[in-house]
1. Give me the pairs, please: first residue somewhere in region 115-139 and free of Cβ contacts under 8 Å to residues at least 60 places away in the same chain and surrounded by fewer than 18 Cβ atoms within 10 Å (Cβ to Cβ), second residue anywhere and of a type in the set (K, R) and in a strand (DSSP E or B), beta-carbon distance under 8 Å, and either six or more positions apart or on two chains.
2. Would you be able to tell me the number of residues in region 437-456 that are in a helix (DSSP H, G or I) and touching a strand residue (DSSP E or B) at 6+ places or on another chain (Cβ under 8 Å)?
3. Kindly provide the set of residues from region 308-338 that are closer than 23 Å to E436 by Cα and modelled with pLDDT under 95, ordered by number.
4. So, in region 176-199, of the ones that are closer than 12 Å to P57 by Cβ and in contact with a His (Cβ under 8 Å, 6 or more places away or on another chain), which residue ends up surrounded by the fewest Cβ atoms within 10 Å (Cβ to Cβ)?
5. Would you tally the residues in region 422-436 being assigned to a helix (DSSP H, G or I), surrounded by fewer than 17 Cβ atoms within 10 Å (Cβ to Cβ) and of a type in the set (A, V, I, L, M)?
6. Of the residues that make up region 149-167, is at least one of a type outside the set (S, T, Y), surrounded by fewer than 19 Cβ atoms within 10 Å (Cβ to Cβ), in contact with a His (Cβ under 8 Å, 6 or more places away or on another chain) and assigned to a loop (DSSP other than H, G, I, E, B)?
7. Restricting to region 211-266, name every residue that is assigned to a helix (DSSP H, G or I) and more than 22 Å from the chain's Cα centre (by Cα).
8. Show me the helices (runs of 4 or more DSSP H) entirely contained within region 19-87 in which 1 or more residues are of a type in the set (G, A, S) and in contact with a strand residue (DSSP E or B) (Cβ under 8 Å, 6 or more places away or on another chain).
Amino acid sequence: MQKIWNIREIDAKKQRFFAKDLGVSPILAQILLNRGIQTKEQARGYLYDDISKCFDPFLFKGMRKALKRTRQAIAGKEKIFIYGDYDVDGLSSAALLYFVLKDLGADVACYIPHRVEEGYGLNKQACMNLKKQKAKLIITVDCGIGSHDEVKYLNSIGIDIIITDHHRILEDRIPPAYAVINSLQKGCAYPYKGLAGVGIAYKFAQALTSGVMDISSHLDLVAMGTICDVAPLTGENRILVKHGLEVLSNTNKAGLKALMEITGIAKKKISTQHVGFILGPRINASGRMGSAEKALELLLSTDYEHALRLAKGLDNANRQRQKEESKTLKQAISMMQSEINFKHHRSVVLHNDEWHPGVIGIVASRIAEKYYRPTILISTKDELGKGSGRSIRNFHLFDTLSKCDHLLEEFGGHEKAAGISILKSNLLDFKKFFNEMARKTLSCEELVPVIDVDMEVSLSVLSENLIKELELCAPFGMGNPRPVFASRDLRAKDRPRTLRGNGFKIWLTDGKVTCEALGSKFNDIDISDKSDGFSVVYSPSINNWQGINTIQLKLKDLQFS
């Protein structure tokens, strides 16, 4: 699909000012400006951030009340259950809070619902089971903000509940919990609103241990959950993840060490890519296919040999997940050929009785990226279908679903991703209504993917020192992308060489400088004729092969000149 290159305008005056005052290159100065950084103080805070700059957890509304009840439960040896979610954010949140409460002497256990049998969030049957297990206090992590009926039920059976969650609050309705910690609730003075579920859990644990113990060793879990939940790597999240990756690279947690060992990254400096594409999918795998029990057991493990066995099991579960995902993707694309007409449809909504609810979110993401339409896939194994959606630029998925709530049993999420529950009898009306909302919201121009490009440069400006300097902007992710450049009028030095996974390698030159480039197959572009000139959009990196460093371009798009 043809993409639009949105090349940022250069502010030469500010660029020179930043470069001179900060002692950085003009290119890095421009990157800072592109990130919305306008002052020297902001720039220094971004480049040389300090974890001490994070906000006071006591600024959260409901924090002191939550602490009082939790301390009472610890002192009275009351049974505390941490109620989490089955994804990496929820599991890392549960593990973090478990470690901290255990160290404080609490009688604590975790409960993670089964994705297929129970679904997301609190459910009445689980609440009844926890009552039988003598629960006196439930603390939710990464869930609970929409569980009004379940919280009322817990109140009726004498179990107090503290909700820690980061999800959007529908119509400002807060469940009647003992305390709620969510920066998005009205009247909350906490300045940063982008924390993931594990970030909220960490701030709660930080307040709980204030003046008692240092919990920075658990920043590895904060980094894991924040990256895998695709939370924005801006502000406080970026600080927590940056320091969390340092902790993760040298973690003492047996489960994480074992997982890094079996995936071959144990001795590497861990990056957001390692977490998002290697560690995260394996922790997610068991929860996607059913129960997340083994993943939680891994995170809580203190026995390395046992952790290795669990890690190998999760690696196998991830392979099964990949097979199921591949099968579902093929089925969905086949269905699109008969059900979706892009002249009339500005969204993709598909359902199938055979789809596993644990993989439809990943498949929806693949389709949204490939066809650039808001996409919702629904598993209709039961009368109540379970759906997962992914969105595109300029289409707020949560807000759109809130306008469709008359056709839904439940929904939740945020701008880019959401989950729904829907009766089969409402599917046809929902498809029509959702597509109509997409038609009203998205213009034809907005259905063409856009690549934001920081600068247009010649290959000759790229150097090892520049690329190392750009690493000051790390960690990269949502809201803080890796710097992207465009170079024009290039030619291939040789024919592209096919790599595994439908990728290719090619040597590109502007006549003066030659660089190795790696890319994915571009569906509608034939680069086999090396005589054709073209322009590319890419992120530069350093490739080390047998001790020799070379510049390597990670291609994002290619167009003929």
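1. Q133/K79; K134/K79
2. Residues that pass the stated criteria total 0.
3. Correct list: Q337, S338.
4. Only one residue tops the list, namely S183.
5. 1
6. No, that holds for no residue.
7. A254, A258, E261, I262
8. 63-75
The values are calculated or read from the model by the stated rules, or taken from the named source; none is laboratory data. This one's a predicted model, so the numbers in the text were calculated from it and none came from an experiment. For neighbour counting, all protein chains shown are included, and Cβ atoms are generated from backbone atoms with ideal geometry for every residue, glycine included.
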